[in-house]
Amino acid sequence: MDDTSTRRRGLFRPRNLITLAAGAALVATTLVVPGTASANTTLRAAAAAKGRYFGAATSSFMFSDTQHVTILNREFNSIVAENEMKWDATEPNQNQFTFTGGDRLVAHARANGMSVRGHALVWHAQQPRWAQNLSGTALRNAMINHITRVATHYRGQIHSWDVVNEAFADGGSGGRRDSNLQRTGNDWIEVAFRTARAADPTAKLCYNDYNTDGVNAKSTGIYNMVRDFKARGVPIDCVGFQSHLGTGLASDYQANLQRFADLGVDVQITELDVAQGSSQASIYERVTRACLAVTRCTGITVWGVRDSDSWRRGENPLLFDGNGNKKPAYTAVLNALNSGSGPNPTTPPPTTTPPPTGGGACSAAVTLNSWNGGFTASIRVTAGNAPLTGWTVSVTLPGGAAVTSAWNATNTGTTGTVAFRNVSYNGQLGAGASTEFGFQGTGVGPTATPTCQAA
């Protein structure tokens, strides 16, 4: 890894990794396992079949590493920039913005059917030197300007933004971390979220932190903030749990995810890695099953691809070894995704409606994942024999069904026949090329084949 990656994890704050003895206080989640005709053979396919993403942190300079990219494209359907979307990378000098690295990641995601997590708009660490030298109103205004410019640049291209990262203190207080941002006023996190919503209305807005894997003082402090935000209408959509784990997993890990989900926000595992040892595979499996058991756990991101890519390199904490080989932890995760339940353990495996045949300019195929009372649908749009400059996909919903959210497309209407149109970055497709968008809804998902019309 490069020096900035080392700085990101080693210099700015210590990691208080959980080091429970192997087997101590570990509680496996018991799930009803539905029968499946066949198992998915990659993490991305297995996660998508459960209506979730499975992502990895990467950097644009890693795209020259053939082995890294091969694994990334095969196994993951979401990526996050380890460093290249942070404040010091995107605004090295005040009001002088550079998006080269982040743009390369977004372009790579687009080309490979991946969504993008944005990390992170504001953080007490990895600020550019000029921001470190500001305080009070000047820093507050600089923060607002930074969020606005970065989120606007990527508007419509980000699945979830880590709007604020690691703003709560370790220890037993459950309070905020002292930082230059905190000293601008206790409302700074609220201001950051409201600013992000105005700049990118369609992205999920997340708060992200570490050492919050179980019910403890820190996670409860964050819980209380989220509850307050929801009560007052502050726009927060999700909470990220970094889950940098040692040799144990908190026995109330799933219960902690669930209590946040019960507040009406999505939960995401955002930076997962586990120290190598006899319990590594088991812990990865338990985390995966916990996410599957919580309806609003929308995805898992591991913090790197191979052990040699990790900021915890000496602990070999990832799913692939330094030579790109799958480890037992990989197999444990894949098996958990394939055998574990989704939101409703009795739901049959998702079915895919084949694209219509014929000479149309584009076609659409839907993959549906349903549970009692709701569903997610992933739509693949494929160009015909000529390039597209835009597309509209019409989906007919059964009576009583309604669209509640969509990603990588904008929708007109929420019931009946709903039209989904491309956003700015996925309308142009070469002949035979494909892109994907998705939506979530209540009621019963669509059963009719969607229709596609070229713009």
| Distance in nm between label sites at residue 433 and residue 325, each 7 Å beyond Cα in the beta-carbon direction? | 3.8 nm
| In the chain, which whole DSSP H runs stretch at least 15 Å along their own axis (Cα) and average 0.0 or higher on the Kyte-Doolittle scale? | 188-199, 280-293, 328-339
| field | Scattering curve values for the chain, log₁₀ I(q)/I(0), Debye with Cα scatterers, q = 0.09, 0.10, 0.11 Å⁻¹ | value | -0.56, -0.70, -0.86
| remark: Taking every other residue with Cβ under 12 Å from the Cβ of residue 50 and scoring Lys and Arg +1, Asp and Glu -1, one gets +3
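Can you give me the accessible area per residue for the range 362-454, using a 1.4 Å probe, in Å²?
Numbers: 3870 Å² over 93 residues.
That works out to 42 Å² per residue.
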| Cα-only Debye scattering, the range 38-165: base-10 log of I(q)/I(0) at q = 0.13 Å⁻¹ | -0.56
| message | Past 28 Å, Cα to Cα: identify those pairs from 204/326; 204/327; 86/326; 50/204, in the order given. | response | 204/326; 204/327; 86/326
| Once you put a point 7 Å from the Cα of residue 107 and another 7 Å from the Cα of residue 411, both along the Cβ direction, what distance in nm separates them? | 3.2 nm
| field | Probe 1.4 Å - accessible area at residue 330, Å² to nearest ten | value | 10 Å²
| request: Name the residues whose placed amide hydrogens come within less than 5 Å of the amide hydrogen of residue 417, ignoring near sequence neighbours (fewer than 5 apart) on the same chain. | output: 397
| Which of 228, 213 is most accessible, then next, and so on - probe 1.4 Å | 228, 213
| Percent of accessible area on the chain owned by carbon and sulfur, 1.4 Å probe? | 50 percent
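Taking the alpha carbon gyration tensor of the range 362-454, what are the square roots of 5 times its eigenvalues, largest first, to the nearest whole Å?
Numbers: eigenvalues 110, 27, 23 Å².
Whole-Å semi-axes of the equivalent ellipsoid: 23, 12, 11.
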| message | Just to confirm my numbers, what's the Cα centroid distance between the range 263-341 and the range 165-237 in Å? | response | 25 Å
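Suppose we keep just the DSSP beta bridges with both residues in the range 43-338; what percent of those would be antiparallel, to 5? Each step should come with its number before you reach the end.
Values: 3 of 39 bridges.
Beta bridges within the range 43-338, antiparallel portion: roughly 10 percent.
The values are calculated or read from the model by the stated rules, or taken from the named source; none is laboratory data. This one's a predicted model, so the numbers in the text were calculated from it and none came from an experiment. No Cβ is skipped: glycine too gets one built from the backbone with ideal geometry, and neighbour counts run over all protein chains shown. Accessible surface areas use protein heavy atoms only, side chains included; no ligands, DNA or RNA. Shrake-Rupley method; radii C 1.70, N 1.55, O 1.52, S 1.80 Å.
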